[in-house]
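In what follows, a single structure is set out as structure tokens and then discussed.
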């Protein structure tokens with residue numbers, strides 16, 4: 001067993017990565033990087049009917065966008081022979097048996113057990129079948145499923161988040177590891193991979209706790225080394241509602257397309273559910289250094305995508321023009337005005353998508369907002385506005401002239417002018433706004 005810390009992220013390429021998947025990937029990544037170890041991207045593509053290459057590409061694109069760089073990629077579809085070898089080893093040990101019940105029959109058994117007040121676990125009826133009975137069932141129904149025979153004893157481990165965990169093996173059904181159609185299921189493939197690849201730490205969702213208990217027995221049966229397990233809480237919506245039905249809108253590609261900064265997403269997800277405060281971190285090294293799996297709690301963790309917006313806005317405020325020059329140029333902002341445009345707008349946007357609205361206002365003018373009681377005032381003020389282009393002193397000179405001509409001052413002077421020129425009650429300093437305005441349309 002190597003002393004090197006090795007973790008893995010093992011997504012199924014059957015859809016896009018969402019925030020729940022990210023939580024798992026990020027925790028495993030941070031553990032590996034903090035220990036100077038290895039982070040493996042393992043594609044769980046043993047289901048040929050549901051796995052798609054576009055999702056494999058999407059998984060890699062999402063991780064690269066976030067800066068979660070893997071050390072190597074493994075494909076479970078290329079390791080099927082190893083899984084079959086492990087299955088045969090379990091058969092030879094008398095720990096793997098074929099069962100032929102239909103889903104309907106299993107459901108009836110479960111209902112009967114529940115009505116009798118017993119735990120709804122598989123009754124191991126298949127173990128009493130003779131070879132002749134098995135042959136007859138195969139002829140009638142085709143190949144059966146293959147189940148791992150659990151030891152009916154307590155399975156215990158010290159969980160990195162949950163603490164001491166104990167599961168009674170007798171309270172769990174013997175898990176199906178190979179389906180009737182021959183497909184190797186995750187439980188077996190994962191155990192073989194973790195053992196072969198020297199995985200030392202496994203972080204995953206708390207919905208895997210029972211599965212971990214069965215995997216520990218399989219690992220021990222195959223002579224592997226049990227990794228350090230930690231099960232993080234599941235994410236809920238802001239009101240505690242299940243996220244499962246909303247995950248389509250919480251795919252990482254959707255958040256990226258919405259303009260969420262990767263640094264905002266990482267800053268939130270690396271601390272959410274822990275005793276550490278969520279603070280914007282612009283460098284991955286800061287997230288790595290401050291990460292401690294033991295500081296996370298077991299209670300359901302509320303996730304609100306709206307929390308990503310102020311973090312994104314705060315991140316954008318730290319950026320120089322050079323980091324956004326391509327986006328600014330794409331809007332049509334002349335290079336000579338780009339620096340000023342960015343300095344004016346970056347404190348007044350939530351995402352880079354908001355820049356388009358600001359440039360439209362600067363380049364085409366805004367639809368003015370003028371209250372009835374201000375119409376005559378605005379008419380007078382616009383008559384005093386000098387011809388452009390405007391410089392750093394234009395706003396001050398103009399408002400001084402307007403003040404002298406109308407007697408207005410303070411908010412009564414400045415707010416109507418802001419709303420007439422920008423159509424908004426809030427925004428950047430008007431002295432800088434006026435310099436960028438190329439067209440002024442003030443409809444009285």
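Consider residue 15 carefully, then state whether it is surrounded by fewer than 22 Cβ atoms within 10 Å (Cβ to Cβ) and more than 26 Å from residue 257 (Cα to Cα). Here the answer is no, as residue 15 does not meet what is asked. Restricting the first member to the stretch 46-74 and to residues that are over 20 Å from residue 26 (Cβ atoms) and not assigned by TED's automatic domain parsing to the domain that holds residue 10, and the second to residues that are part of a loop (DSSP other than H, G, I, E, B) and at pLDDT 95 or above, no beta-carbon pair is closer than 6 Å while six or more apart or on different chains. On the stretch given as the stretch 44-68, residues that are assigned to a loop (DSSP other than H, G, I, E, B) and surrounded by fewer than 19 Cβ atoms within 10 Å (Cβ to Cβ) total 7. Elements of the type helices (runs of 4 or more DSSP H) sitting completely within the stretch 236-334 and holding at least 3 residues that are buried (at least 18 other Cβ atoms within 10 Å of the Cβ): these cover 262-269, 308-316. Looking across the stretch 203-229, the residues that are crowded, with 20+ Cβ neighbours inside 10 Å and within 18 Å of the chain's Cα centre (by Cα) come down to 203, 204. Report yes if some residue within the stretch 182-197 is part of a strand (DSSP E or B) and farther than 24 Å from residue 270 by Cβ; otherwise report no. Yes, the stretch 182-197 contains at least one residue that is part of a strand (DSSP E or B) and farther than 24 Å from residue 270 by Cβ.
Per-residue answers, yes or no, for (1) assigned to a helix (DSSP H, G or I); (2) at pLDDT below 95; (3) surrounded by fewer than 18 Cβ atoms within 10 Å (Cβ to Cβ):
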| position | (1), (2), (3) |
| --- | --- |
| 7 | no, no, no |
| 39 | no, no, no |
| 70 | no, no, no |
| 81 | yes, no, yes |
| 86 | yes, no, no |
| 90 | yes, no, no |
| 107 | yes, no, yes |
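Does the stretch 92-105 hold any residues that are surrounded by fewer than 16 Cβ atoms within 10 Å (Cβ to Cβ), within 39 Å of the chain's Cα centre (by Cα) and part of a loop (DSSP other than H, G, I, E, B), and which are they? Selection gives 102 alone.
When each of 380, 438 is tested for being touching a residue at least 60 places away in the same chain (Cβ under 8 Å) and touching a helix residue (DSSP H, G or I) at 6+ places or on another chain (Cβ under 7 Å), the lone residue that passes is 438. Test residue 424 against the criterion of being assigned to a loop (DSSP other than H, G, I, E, B) and either surrounded by 14 or more Cβ atoms within 10 Å (Cβ to Cβ) or in contact with a helix residue (DSSP H, G or I) (Cβ under 8 Å, 6 or more places away or on another chain) (or both), and give yes or no. Criteria met by residue 424.
The values are calculated or read from the model by the stated rules, or taken from the named source; none is laboratory data. Keep in mind that what you see is a predicted model, and the values were worked out from it rather than measured. Backbone-built Cβ (ideal geometry, glycine too); neighbour counts: all protein chains shown.
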